[in-house]
Amino acid sequence: MRRLPVSIVVLLGVLLAFGIAALLAPWIVPHDPLRQSLLLRLKPPGTVDPRQGLFALGTDDLGRDLLSRILYGARASFAVAILSVAVSLAVGVSLGLAAGWFRSWTATIAMRLVDTMLSIPAILLAVLTVAVIGPGFLDLVLVLGLTRWPRYTRVAYASTLQVASMPFIQASEMAGAGAVRLLSRHVLPNIAGPLLVVATSEFGLMILFEAGLSFLGLGIQPPAPSWGSILSAGRQYVERAWWLTVFPGIGLFALVVCVNLLGDLLRDQLDPRSARR
Amino acid sequence: MTRSFTGPALEVEDLVLSIGGAPVVDGIGFAVQPGEVLALVGESGCGKSLTAQAAIRLLPGAVERQRGRILLDGDDLYAMRERDVRRLRGRRISMIFQEPQAALDPLSTVGAQVAEATGLRGRAARDAVLAMLTEVGISDPARRIAQYPFELSGGMAQRVMIATALIARPAILIADEPTTALDVTIQAQILQLLRRLAAERGTAILLITHDMGVVADIADRVAVMYAGRIAETGRVDRVFAAPAHPYTALLLAALPRLTDVPKSELAVIAGQVPLPQHFSPACRFADRCPLVGERCRAERPPLADRGDGQLSACWHADHVGSIAA
């Protein structure tokens, strides 16, 4: 095995830290993210309350601890992003594999469907769908998952076409492997690299979409914390309480930058030609 | 598998394949007995690889089977359902190819690929793979099981392919130019290995090649193809000693020999193979043949018995001796 470059290890480390913080939020938060206190409204970062202790990142307009809310918000972001990437990956890759393997009319239908989906702005479709079926965690995952699959289909289709014509696929076919076995054991592993790169960049996008929809009030519903809704609420107090927009903003920015850089590095690793450009 | 059928392992009867109406394979027939190596020889485009693909029922989409039967241990391959044919591949009929490195999945270990046709898992699979790898003479087989194709040399990769093809004890192995991508010393080893495995396991081998040297090394019988038809067939020693078709005679004469004067001109067969669209209904070799006569351009010569199992499709088979080198 080749050793991973330092940059990838660092980025993976940062992502892992975010992930662990999100996963362990219920056990590591200093305060209940939903507990309101009118006496502690809009306190700046570092405020120490004699009874409740330290509010490291300050409090919001309802006196809730910002750090706790950001940690819980990260949980929501990760959950939505992971699940919706999984949904779109499953849908997109199966369609792309089928199109690349069976070709002819299967490919025509699949790729025209992709063209159709790509001609509709995903965020608009998501807004529309949420507006119709109503907001909520599961709806959000499904809406994002079912609008963001076409990129996987394109990549999977092109890679499958390429891999399917290779001698080792014919060899397996002549050794008696059926379509399911060929696709799952021989084609899929050989096209996983480019799909992983797409999935990484989509993961970053999903985090942004979740924040965006929640910001618009179409995603995670209050009082449950989400970076989008924290930002949205903090917007009204941006002159009096800067910390309400700056900290979740930094979190969102750092996470998405990390994910995107990781995606670029992975692409360079998996396709050495693009690194030299 | 224990064989109850006593006829040929593979029999091809009157096979006609066409691409866009042009008959690229035109009435080929042959049989391979268990333990026998039959070489199908011919130049590029004569239809030998298509015949092999037809024999495993995996023809490219553009090729149409007009006629003909493929009998595998007596069972008609084209009378079966696709699902049943798939179960036969790798188990009763296997194939190995020209580029062993490319024919192995780069992301699967040697062990996983060799085990694929057995359907076994875990310990049993490992034992079977280890035994098979030992049988094909790979050095350090226990270590190879966990290796990936990029860690193998060409010769080793071809041995792995052979192990993959033979592990389920098929009745017939089709070897499509198995040594073309290998250097000559490795080629000799691989041919010897195939020869030995055919004899030990009673596997019939259909060897597709363009190399007369390979034929002489390994085959029991040879079928020389020209422009989609069999020109001549018979035991290798017979055909090489006394070819009964001018094409065979000229092919043999074209082989460079160590006794040739250095840098002297190589013998060639004048002219080119006709395109399938231009195949003549009479003798297709007529335009390049030194013995050509009136009848050759008018009538198709049948495969006629020359005695001792040698068959030749030539009107002037008796005079072929006069053009031998």
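Taking the criterion of being more than 14 Å from chain A (Cβ to nearest Cβ) and surrounded by fewer than 23 Cβ atoms within 10 Å (Cβ to Cβ), the residues of the stretch B:172-190 that qualify are B:Leu182, B:Asp183, B:Val184, B:Thr185, B:Ile186, B:Gln187, B:Ala188, B:Gln189. The residue that is surrounded by the most Cβ atoms within 10 Å (Cβ to Cβ), among those in the stretch B:302-319 that are more than 18 Å from B:Gly29 (Cβ to Cβ) and among the acidic types (Asp, Glu), is B:Asp318.
Count of the stretch B:129-165 residues, restricted to those that are assigned to a helix (DSSP H, G or I), away from chain A (no Cβ under 13 Å) and among the acidic types (Asp, Glu), is 1.
Evaluation of A:Gln170 against the conditions (1) polar (S, T, N, Q); (2) closer than 30 Å to A:Arg41 by Cβ; (3) buried (at least 16 other Cβ atoms within 10 Å of the Cβ) shows that the sole unmet condition is (2).
Annotation for the stretch A:152-174: at least one member residue is within 11 Å of another protein chain (Cβ to nearest Cβ), over 21 Å from A:Leu265 (Cβ atoms) and in contact with a Phe, Trp or Tyr (Cβ under 7 Å, 6 or more places away or on another chain). Considering only residues that are loosely packed, with under 15 Cβ neighbours inside 10 Å and small (Gly, Ala, Ser), look in the stretch B:117-139 and name the one that is modelled with the highest pLDDT. Among those that are loosely packed, with under 15 Cβ neighbours inside 10 Å and small (Gly, Ala, Ser), it is B:Ala131.
When B:Thr164, B:Thr209 are checked against the criterion of being over 28 Å from B:Asp26 (Cα atoms), touching a residue at least 12 places away in the same chain (Cβ under 8 Å) and hydroxyl-bearing (Ser, Thr, Tyr), B:Thr164 stands alone in meeting it.
Filtered by the rule that a residue be surrounded by fewer than 13 Cβ atoms within 10 Å (Cβ to Cβ) and of a type outside the set (Gly, Ala, Ser), the stretch A:103-121 gives A:Trp105, A:Thr108, A:Arg112, A:Asp115, A:Thr116, A:Ile120, A:Pro121. Taken over the stretch B:102-111, residues that are at the interface with another protein chain (Cβ under 9 Å from one of its Cβ atoms) and either touching a residue at least 12 places away in the same chain (Cβ under 8 Å) or more than 24 Å from the chain's Cα centre (by Cα) (or both) amount to 6.
Residues that are free of Cβ contacts under 8 Å to residues at least 60 places away in the same chain and among the acidic types (Asp, Glu) were ranked within the stretch B:112-136; the one that is nearest to B:Ala168 (Cα to Cα) is B:Glu116. Residues that are touching a residue at least 40 places away in the same chain (Cβ under 8 Å), basic (Lys, Arg) and not in a strand (DSSP E or B) do not occur anywhere in the stretch B:245-264.
The values are calculated or read from the model by the stated rules, or taken from the named source; none is laboratory data. Predicted, not measured: the structure shown is a model, and the values here were computed from it. No Cβ is skipped: glycine too gets one built from the backbone with ideal geometry, and neighbour counts run over all protein chains shown.
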